[in-house]
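Quick notes on the structure that follows.
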């Protein structure tokens with residue numbers, strides 16, 4: 001069957017319209033594909049940025065954790081060092097205290113031998129000692145008392161003067177004296193009178209020129 005187009009102009013216009021419609025659909029597809037591609041690129045970029053930030057943050061967190069661990073170790077070492085330093089100071093103070101005690105003992109260990117020696121040298125004939133005692137002193141140093149008997153006042157006076165003449169003894173004072181009848185045995189088996197006395201005195205360090213130091217240990221002087 002043969003068809004004849006009696007309106008060719010209308011047919012051409014339909015043909016052109018159909019072509020334009022197909023062309024429009026083609027452009028719309030291209031625009032749609034471009035939008036999808038752009039969205040995909042944005043999503044990929046976002047994912048990449050998120051991954052980069054996550055990796056960077058993880059590295060920073062690891063670095064911070066490492067720094068914190070080092071700081072804790074340094075703090076523990078510092079605390080241990082401080083404890084060791086405090087213990088060393090305490091030991092040093094203890095050693096200094098012991099040295100001071102030893103020096104004090106060493107400085108005073110010969111004082112009483114000097115006192116006893118000076119009292120024995122000063123004791124005259126006709127007097128004897130019954131007691132020597134240390135007493136509390138107001139001033140630093142050794143304060144002592146000598147208690148004994150003398151057959152007469154002359155013996156007591158000689159003893160007193162001899163103690164005052166000593167380089168190791170000072171401030172000799174008569175504390176008390178008492179006359180005792182028939183209190184002392186004489187050489188013939190009888191009893192005779194005597195004077196009971198108490199003298200107080202202090203120890204003093206003698207001048208350097210009257211003291212001679214002698215080495216008692218072996219070795220070069």
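Worth a mention:
- Pairs of Cα atoms nearer than 8 Å and 6+ residues apart set the relative contact order; for segment 110-210 it is 29 percent.
- Computed over segment 110-210, the Cα gyration tensor eigenvalues convert (square root of 5λ each) into semi-axes of 27, 14, 11 Å, ordered from largest to smallest.
- Computed from the C-beta positions of residue 84 and residue 41 and an R0 of 45 Å, the FRET efficiency is 0.10 to the nearest 0.05.
- Per-residue extension of 0.36 nm, minus the Cα-Cα distance of residue 110 and residue 174, leaves a gain of 20.5 nm for this segment.
- For residue 67 and residue 101, the FRET efficiency from 1/(1 + (r/R0)^6), where r spans their Cβ atoms and R0 equals 41 Å, is about 0.20.
- Using a Förster distance of 22 Å, the FRET efficiency for residue 121-residue 157 (Cβ separation, nearest 0.05): 0.85
Where a number appears in this text, it was derived from the coordinates with a stated rule and is not lab data. All figures in this text were calculated on a predicted structure; none of them were measured in a lab. For neighbour counting, all protein chains shown are included, and Cβ atoms are generated from backbone atoms with ideal geometry for every residue, glycine included.
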